[in-house]
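Data block below; observations after.
The values are calculated or read from the model by the stated rules, or taken from the named source; none is laboratory data. Predicted model, so just to flag it, every value in this text is computed and none were measured. Reconstructed Cβ throughout: ideal geometry from the backbone, glycine too, with neighbour counts over all protein chains shown.
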Amino acid sequence: MFGFPDVRMLLNAFVKASHLVPSDSELYADVRQFMTGKRRLYAGLEKATRSNARPVVDFPRLWNLLEEDLGKKWLTPEMSKAIFSRLEGTLDVYLTDFVHKISGAALPTTRISEILGATFFAQRLAVDLNWLEQKWGIGVLRKILPKGSLEPNPVAQVLRWIRKLEGWSQRKAALLAGLKPIEVVDQMSNWETGRSAPRKDSFPLLRKLYGLETNEQYRLWFWIALCVSSMEDTFRKEIADGIGRTFDLSAAQAPLVEATNAAIVEASPPTSFQVLVELLCKQSVNRKQGDRDRALAALDEFHDHVVKNGGLGEFHVPAMAGRIAMLSHDPTSARDHFQKAVELAQYQEPHSVERILREAAAIFHRHRYAVPLKDVTDLQWIMGVHPIQIRKAAWDDDDTWESVTEQKRVFDYFRYFPPQAFFDRVE
């Protein structure tokens, strides 16, 4: 698997770490559908065709619902809004300055994740945590994320720190909560030493004992400690190393750019790929007898090259096959090939992905393949190449999202599949 991590992977990581969507949550089924690819991320932007009582929970709506949940269950609406605003900023930078600008096609997803985990995500989170410490801090940030070492139990550290701030013994904390010390002191000791982690069903008791019900800042840092505890040790150390620093986008991009450039140079495309580009991807072409056979032969050769190189550039194989099918007046086969190309190409090389998405959308629109068109439109939003996102011309009074999008689909069809490019237009 090559290219950048899918937004769904990032969403899944956040949901797991945040403890916001347990299995009994109303949102659990929605999250599962996102994770398994059964629901489009921007389904809410599709034209409504049914009148359900419950609005479609697409990615923007799920994000808002998670923000509301955090504000209700753990923090305050103000705190939750600030946190989600900063997380949204990180996601925007990830898509705009990495996925949309840098080729990830020559690097395995695991390698890109390693690089970005250290140079981007950890650094952004470090800056965010530092900001939260300055705005709503209780002096515990460096205790749960110490520089140069690993705190084995951030939750225990926060609980001990809260008692220290209040000047409470465990016995006094129990009495102030209206509880008998003999019934809870052992449990508190287990939590504070890390012998046992607080379970979800023990959270109400914990909130009473440590004053979380009345102190929103205590709730904030307990929740942060829960999140940090869910992270891998290496990632936690990288966050700790970034605390106190400013975020530098160029410095965050540099290691990835260096790695991708080296991989691209090493994996130069074969001659067969250049033949396919000349035969299938040029707007100005003079068809000759045998062009289709030459394209098919080059595709077989290129496919062998991809297999020998562990799948590098695999998305080009169905994309080229789809172009051959389309230029042979076989839109059904073209649809199937382009669906596979879209699936493989997403989050890889931005320029190639943009073309594949636009070609696919043009074919699906022209031949009324409704479901595939919705799928590819969803990816266009993520990749920043939806007709609405890339439109530069001024809007006329009668322009609508639908009309502008449809015009672009029609334009793209004749741009990528002009009449003179079809194989039966031999001179």
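Answer with yes or no whether L20 is surrounded by 15 or more Cβ atoms within 10 Å (Cβ to Cβ) and more than 14 Å from the chain's Cα centre (by Cα). When the stated conditions are applied, L20 passes them. Assess whether R323 counts as being part of a helix (DSSP H, G or I), in the same structural domain as V376 (by TED's automatic domain parsing) and surrounded by 17 or more Cβ atoms within 10 Å (Cβ to Cβ). Against the criterion (part of a helix (DSSP H, G or I), in the same structural domain as V376 (by TED's automatic domain parsing) and surrounded by 17 or more Cβ atoms within 10 Å (Cβ to Cβ)), R323 qualifies. Within segment 366-395, how many residues turn out to be over 23 Å from P418 (Cα atoms) and part of a loop (DSSP other than H, G, I, E, B)? Number of matching residues: 5. Check whether at least one residue in segment 139-147 is in a helix (DSSP H, G or I), surrounded by fewer than 21 Cβ atoms within 10 Å (Cβ to Cβ) and β-branched (V, I, T), and report yes or no. No, because not a single residue in segment 139-147 is in a helix (DSSP H, G or I), surrounded by fewer than 21 Cβ atoms within 10 Å (Cβ to Cβ) and β-branched (V, I, T).
Here's the yes/no breakdown for (1) in contact (Cβ under 8 Å) with a residue 60 or more places away in the chain; (2) among the acidic types (D, E); (3) in contact with a strand residue (DSSP E or B) (Cβ under 8 Å, 6 or more places away or on another chain):
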residue	(1), (2), (3)
H337	no, no, no
K340	no, no, no
E349	yes, yes, no
E359	no, yes, no
P372	no, no, no
I388	no, no, no
K392	no, no, no
T400	no, no, no
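Here H351, H337, H329 are screened, and the one residue that is farther than 20 Å from M9 by Cβ and either outside the structural domain of Q274 (by TED's automatic domain parsing) or within 24 Å of the chain's Cα centre (by Cα) (or both) is H351.
For every residue, the table says whether it meets (1) farther than 20 Å from A82 by Cα; (2) over 21 Å from the mean Cα position of the chain (by Cα).
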{"residue": "N215", "(1), (2)": "no, yes"}
{"residue": "W223", "(1), (2)": "no, yes"}
{"residue": "V228", "(1), (2)": "no, no"}
{"residue": "I239", "(1), (2)": "no, no"}
{"residue": "T246", "(1), (2)": "no, yes"}
{"residue": "Q253", "(1), (2)": "yes, no"}
{"residue": "T260", "(1), (2)": "yes, no"}
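Within segment 24-56, if we keep just the residues that are closer than 25 Å to P387 by Cβ and hydrophobic (A, V, I, L, M, F, W, C), the residue that is modelled with the lowest pLDDT turns out to be A48.
Kindly indicate whether any position in segment 100-112 is touching a helix residue (DSSP H, G or I) at 6+ places or on another chain (Cβ under 6 Å), on the phi < 0 side of the Ramachandran plot and not in a loop (DSSP other than H, G, I, E, B). The answer is no; no qualifying residue exists.
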